[in-house]
């Protein structure tokens with residue numbers, strides 16, 4: 001095998017957006033291959049940046065579509081634009097891998113997209129429901145077990161010696177964005193459990209750092225600092241109890257919340273998905289579960305499957321979704337021997353699953369790509385040609401990306417100011433009336 005034969009030319013597509021808003025766990029999934037197997041040649045492209053024609057014309061060995069790239073299916077105009085701008089992917093004979101998440105959201109669109117673009121392999125997290133989520137692709141394509149997050153080597157180094165529990169400043173922490181009703185009661189629990197726990201009389205006196213305010217979200221390395229500074233953290237099932245094949249429920253929910261911002265979950269349910277919630281339980285272990293386990297932060301979690309890795313009472317303190325057992329939870333938090341055992345068990349549980357290691361998953365992907373390239377008899381670019389492609393990409397795209405995102409931020413700031421001014425003018429007009 002020649003040097004060129006041993007080096008794969010891989011195009012990775014993502015939609016992370018502004019680097020200042022990247023979440024560490026999401027970024028690490030998108031950059032898993034170049035981070036852990038840098039001996040290959042990669043172009044890692046954000047779909048929001050203009051894609052040069054020469055990239056479309058390059059014959060890559062493989063094209064990997066990350067979860068944030070596949071999120072385009074949520075919005076009709078964005079989906080149409082991505083399908084048009086990246087139509088070359090479907091036409092390419094490269095070995096194609098898709099790494100979707102939240103595939104219960106617009107699953108029919110995703111299923112057909114994989115067929116249309118002749119994707120070779122899909123890594124899906126909800127392993128018990130592949131025929132339901134991918135009724136067409138499951139008959140012809142390869143679906144394999146994936147996860148919502150993996151353990152990079154950097155995390156192992158970061159959490160090699162977690163902060164001692166007595167030195168941590170937060171008793172219980174939680175951060176989550178308010179999820180709309182189209183994720184069903186599983187999503188509702190995830191959004192509301194923090195407020196319910198904080199409001200329970202049994203938690204009075206605890207040092208709580210719990211918020212669903214978008215302004216309180218924590219990004220980058222500060223997130224791991226936050227997790228490690230917490231003795232306990234709340235957690236819940238990651239997923240949905242609703243299947244929304246083409247986004248019809250999502251759009252109905254969005255319209256109702258615009259018309260009636262104060263509408264309750266039950267109001268939205270009755271109008272947009274009566275009788276549908278709970279027919280499926282589509283859940284998986286989340287990056288939060290993994291990070292907390294590595295940091296020896298004991299999880300107070302709603303009972304669930306957690307990909308068969310974490311079990312109530314063995315790896316976390318179970319908390320009822322309505323927090324009715326919060327008094328029992330607080331009592332267990334004071335049991336030092338129990339807390340120590342749960343922390344050790346949870347850390348061991350995630351470390352003992354080889355598929356959760358990022359380097360192992362990277363090797364698995366590359367091995368599959370190499371086999372696919374061989375079976376398809378693909379001939380990627382020469383070493384010299386690929387070097388030119390990467391140099392040109394750095395010059396035409398990477399070098400200009402900082403100014404692109406800064407311009408995007410300026411426009412966002414101006415838009416926010418305009419919206420705020422318009423809202424104040426509207427309020428004054430209404431008051432005059």
| message | I'm trying to understand the selection: among the residues of the stretch 28-41, which are crowded, with 18+ Cβ neighbours inside 10 Å and free of Cβ contacts under 8 Å to residues at least 40 places away in the same chain? | response | 30, 31
| Inside the stretch 106-128, can you point out the residues that are in contact with a strand residue (DSSP E or B) (Cβ under 6 Å, 6 or more places away or on another chain) and at pLDDT below 95? | 124, 125, 126, 127
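Among the residues in the stretch 391-399, are any modelled with pLDDT under 90, out of contact with any strand residue (DSSP E or B) (no Cβ under 8 Å at 6 or more places or on another chain), in the same structural domain as residue 41 (by TED's automatic domain parsing) and under 26 Å from residue 57 (Cα atoms)? First the steps, then the outcome.
Looking only at the stretch 391-399, we keep the residues that are modelled with pLDDT under 90, and these are none.
Scanning the stretch 391-399 turns up no residue that is modelled with pLDDT under 90, out of contact with any strand residue (DSSP E or B) (no Cβ under 8 Å at 6 or more places or on another chain), in the same structural domain as residue 41 (by TED's automatic domain parsing) and under 26 Å from residue 57 (Cα atoms).
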| field | Residue within the stretch 323-332 that is assigned by TED's automatic domain parsing to the domain that holds residue 168 and within 21 Å of the chain's Cα centre (by Cα) present | value | no
| said: Go through the stretch 347-394 and report how many residues are outside any helix (DSSP H, G or I), within 30 Å of residue 228 (Cα to Cα) and in contact (Cβ under 8 Å) with a residue 12 or more places away in the chain. | reply: 2
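What residue, among those in the stretch 315-336 that are in contact (Cβ under 8 Å) with a residue 24 or more places away in the chain and more than 15 Å from residue 195 (Cβ to Cβ), is surrounded by the most Cβ atoms within 10 Å (Cβ to Cβ)?
As a first pass, look at the stretch 315-336 and keep what is in contact (Cβ under 8 Å) with a residue 24 or more places away in the chain: 315-317, 319, 321-323, 326-327, 329-330, 333.
Adding the requirement that they be more than 15 Å from residue 195 (Cβ to Cβ) leaves 315-317, 327, 329-330, 333.
Numbers: 315: 24, 316: 28, 317: 23, 327: 13, 329: 21, 330: 22, 333: 20.
It comes out as 316.
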| task | Check residue 59 against each of (1) in contact with a helix residue (DSSP H, G or I) (Cβ under 9 Å, 6 or more places away or on another chain); (2) under 24 Å from residue 141 (Cα atoms); (3) assigned to a loop (DSSP other than H, G, I, E, B) and name the one condition it does not meet. | result | (1)
| message | If residue 314 meets every condition in (1) within 16 Å of residue 296 (Cα to Cα); (2) out of contact with any strand residue (DSSP E or B) (no Cβ under 9 Å at 6 or more places or on another chain); (3) assigned to a helix (DSSP H, G or I) apart from one, which number is that one? | response | (3)
| If you check 288, 259, which single one turns out to be in contact with a strand residue (DSSP E or B) (Cβ under 7 Å, 6 or more places away or on another chain) and at pLDDT below 95? | 288
| message | Out of 60, 54, 137, I need the residue that is free of Cβ contacts under 8 Å to residues at least 60 places away in the same chain and either farther than 17 Å from residue 247 by Cα or surrounded by fewer than 24 Cβ atoms within 10 Å (Cβ to Cβ) (or both). Which one? | response | 137
| query | Where in the stretch 187-306 are the helices (runs of 4 or more DSSP H), entirely inside, with at least 2 residues that are in contact (Cβ under 8 Å) with a residue 40 or more places away in the chain and not assigned by TED's automatic domain parsing to the domain that holds residue 325? | reply | 248-259, 265-272
| field | Selection from the stretch 17-46 of residues that are modelled with pLDDT under 95 and farther than 23 Å from residue 360 by Cβ | value | 17, 18, 19, 20, 21, 22
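Can you find, within the stretch 162-186, the residue that is surrounded by the fewest Cβ atoms within 10 Å (Cβ to Cβ) among those that are out of contact with any strand residue (DSSP E or B) (no Cβ under 8 Å at 6 or more places or on another chain), part of a helix (DSSP H, G or I) and touching a residue at least 40 places away in the same chain (Cβ under 8 Å)?
185
The values are calculated or read from the model by the stated rules, or taken from the named source; none is laboratory data. Since we're looking at a predicted model, the values are computed, not measured. A quick note on method: Cβ atoms are made from the backbone with ideal geometry, for glycine too, and the neighbour counts reach across all protein chains shown.
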